[in-house]
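Reading through the structure tokens given below for one structure.
The values are calculated or read from the model by the stated rules, or taken from the named source; none is laboratory data. In this text, all values refer to a predicted model and were calculated from it rather than measured experimentally. Backbone-built Cβ (ideal geometry, glycine too); neighbour counts: all protein chains shown.
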Amino acid sequence: MAWITYIQVEPLVQTDLSSNEWIDDLIAHAEGLAEVEIGEQTEPVSTALQTVLSQIVARIWRAGKAASTNPAGFQSETSPEYGYSVPTGSHLEAGFGLTYREKKDLRKAAGLGGLWVQPLTSGTLETSSISMSTDSDVWEGA
């Protein structure tokens, strides 16, 4: 079962997605990417996670829509004296994966952010055979 439905994405993209044949697969794709980052979640997921996932699906949906209408990602500007056209592809900047910000938002929504303690490996402690004499300032055993 998906964390969200297309109904939660519709207000973000301001489009009726009920007849979109790819939206359920897109939601499953985004959920899979999220699970790689934060692990599998149990139902029901929090509202915070639903919100973040809805934002991710909306961004990926917009990127796919832009790619279908402008595959090369051309941007252009024209004036009477000057004109240019540049294939920037910025609408696919993150591809269909997660951005750094989306990963951070997912971790925060799942309660995985914040401080942690770095685990240490304990093992044999090796010490030097050099010692300082108690009655002088001379190092012995060097």
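Given (1) more than 20 Å from the chain's Cα centre (by Cα); (2) modelled with pLDDT of 70 or more, where does LEU98 come up short, assuming only one miss?
The number of the failed condition is (1).
If I ask for residues that are without any contact (Cβ under 8 Å) to a residue 40 or more places away in the chain and under 17 Å from ILE60 (Cβ atoms), which ones from the stretch 31-45 would you list?
First, pick out the residues of the stretch 31-45 that are without any contact (Cβ under 8 Å) to a residue 40 or more places away in the chain: 31-32, 35-36, 40, 42, 44.
Passing the criteria: GLU31, GLY32, GLU35, VAL36.
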